[in-house]
1. Mind counting the residues in region 177-195 that are farther than 25 Å from residue 99 by Cβ and in contact with a strand residue (DSSP E or B) (Cβ under 8 Å, 6 or more places away or on another chain)?
2. Give me the pairs, please: first residue somewhere in region 104-130 and of a type in the set (Gly, Ala, Ser), second residue anywhere and near the ligand (Cβ under 6 Å from one of its atoms), beta-carbon distance under 7 Å, and either six or more positions apart or on two chains.
3. Could you tell me whether any residue of region 74-84 is over 13 Å from residue 39 (Cβ atoms) and surrounded by 22 or more Cβ atoms within 10 Å (Cβ to Cβ)?
4. In region 153-205, which residues are away from the ligand (no atom under 11 Å from the Cβ), in contact (Cβ under 8 Å) with a residue 24 or more places away in the chain, within 19 Å of residue 114 (Cα to Cα) and of a type in the set (Val, Ile, Thr)?
5. So if I check each of 385, 381, 346, which one is away from the ligand (no atom under 14 Å from the Cβ), small (Gly, Ala, Ser) and either out of contact with any Asp or Glu (no Cβ under 8 Å at 6 or more places or on another chain) or at pLDDT below 90 (or both)?
6. I'm trying to understand the selection: among the residues of region 234-247, which are surrounded by fewer than 24 Cβ atoms within 10 Å (Cβ to Cβ) and over 9 Å from the mean Cα position of the chain (by Cα)?
7. Among what's in region 111-120 and is in contact with a Leu (Cβ under 8 Å, 6 or more places away or on another chain) and in a loop (DSSP other than H, G, I, E, B), pick the residue that is farthest from the ligand (Cβ to nearest atom).
8. What is the number of the single condition among (1) basic (Lys, Arg); (2) closer than 30 Å to residue 47 by Cα; (3) crowded, with 18+ Cβ neighbours inside 10 Å that residue 288 does not meet?
Amino acid sequence: VTGATLAQDQAKVMRNISQLFGDRDPSAERVQDILERQFDLGLAWVHFPIGQGGLGVSPSLQSTVDEIVKSHGIPATAEVNPIGYGMAAPTLLRHGRPEQVRDFLRPLFSCAHIWCQLFSEPGAGSDLASLATKAEWVGEHWKINGQKVWTTRAHVARYGLLLARTAPEQPKRRGITCFILDMHAPGVEVRPLRQMTGDAEFNEVSLTDVTVPDTHRLGELNEGWRVANTTLMNERVAIGGSTPPRGSGSIGLLLRVWREASSTNPTQRPVVARLWVEAESLRLMNLRSSQLRDAGVPGPSGSIGKLVTAELSQAIYSVAGTLLGPDAILLPEGYEDKSRGCTEHSVQWWVLRARANSIAGGTTEIMRNIIAERILGLPRSQHDSPLVPWRDLPKS
Ligand SMILES: Cc1cc2nc3c(=O)[nH]c(=O)nc-3n(C[C@H](O)[C@H](O)[C@H](O)COP(=O)(O)OP(=O)(O)OC[C@H]3O[C@@H](n4cnc5c(N)ncnc54)[C@H](O)[C@@H]3O)c2cc1C
């Protein structure tokens, strides 16, 4: 994008932002109505095509929109519906039929429909392609049976991106299909899993004879691995690709704790300074990546941001815990489940929650494998033979 084009695009975005609010008082309107208008003005994902929530401009312009919308007191869809916004939407855009894009994107953005991601299973996490949930064509529709786990927000979700095995006689990556699952359909049972924060943000989901129409198949039959890769690459960017204002987010929280505790713990000063520099380097790297990215698949480089974000957040909250001293071990907000509301969390909560960051969205070890094999071009690790049918592979 040349400087002149970027300036023109920026002007277009600013014009549409003024239309979004005009003389209206946002506190007198329903949030859903404002978000629907934001979608219609192409300010939902500015890099998406016109008519589909975007303006076809550089994704680097999204952060301006987000900051202005936030300053009007509107909760960000990326926070209320993170899986919908960051993962399901780009997957729908890339692999959905026109009617799926038309029917699902707008209510996803307005948060009328919260989305979840039904990928991981008890026997398939890092090795996702070995998943065993079965989808059978029974004449007029698909019948789904299986078990999913770690399904974030399944308890509030209306739809989920579901991976299921449709051809067990094929090698594991070739016999998977992706579906849009109605979480209210008979046979979908959601059971919450409590974490050490006290929250139950994720769940196990059992699927017993669940009916799914073929109109809810996302992508081609047995091409679900390609669809899943779009979701996973976008997931890494959603987790590790953000470009918040300088010094905000986790590093901002650490600085706040540091200012309150610096007189009692001055030795941590160089540690805090080093983490600030690392946070700023990550922010600048993500800013550059977002300028290079188009709508759709971000590519394997999203794994770098995901890896660094996970390690950096854990280092930041570990230092915050040290600075808090004995205060770090009790949650001021208590241990009841807060996952249904959108609560502001304490530093103590983040100290505990950050432990999950090197697992969720693909583990740190898997990110290193992707960077080694797909970015640095190192020899691939020994996977099981790509030609063995899934049904003949040993199961865990
Ligand atoms: C907070 C949170 C939210 C989540 N939300 C969702 C969700 O909404 N939807 C969903 O589908 N899933 C979700 N997950 C699941 C997550 O994607 C998996 O936990 C993750 O992929 C790891 O899988 P696993 O837990 O089965 O561990 P395993 O795959 O069993 O891994 C165990 C250990 O072995 C290591 N390992 C495995 N294979 C390799 C390898 N090839 N090379 C090197 N090391 C390896 C791993 O790094 C890890 O340390 C969530 C997880 C968390 C923690």
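The values are calculated or read from the model by the stated rules, or taken from the named source; none is laboratory data. These numbers come from a predicted model, not from an experiment. Here Cβ is always computed from backbone atoms with ideal geometry, including for glycine, and neighbour counts include all displayed protein chains.
1. Of the residues in that region, 6 qualify.
2. 120/150; 126/363; 126/366
3. yes
4. Passing the criteria: 156, 180, 190.
5. Values: 381 fails: away from the ligand (no atom under 14 Å from the Cβ); 346 fails: either out of contact with any Asp or Glu (no Cβ under 8 Å at 6 or more places or on another chain) or at pLDDT below 90 (or both).
The match here is 385.
6. 242, 243, 244, 245, 246, 247
7. 111
8. Of (1) basic (Lys, Arg); (2) closer than 30 Å to residue 47 by Cα; (3) crowded, with 18+ Cβ neighbours inside 10 Å, only one is false for residue 288: (3).
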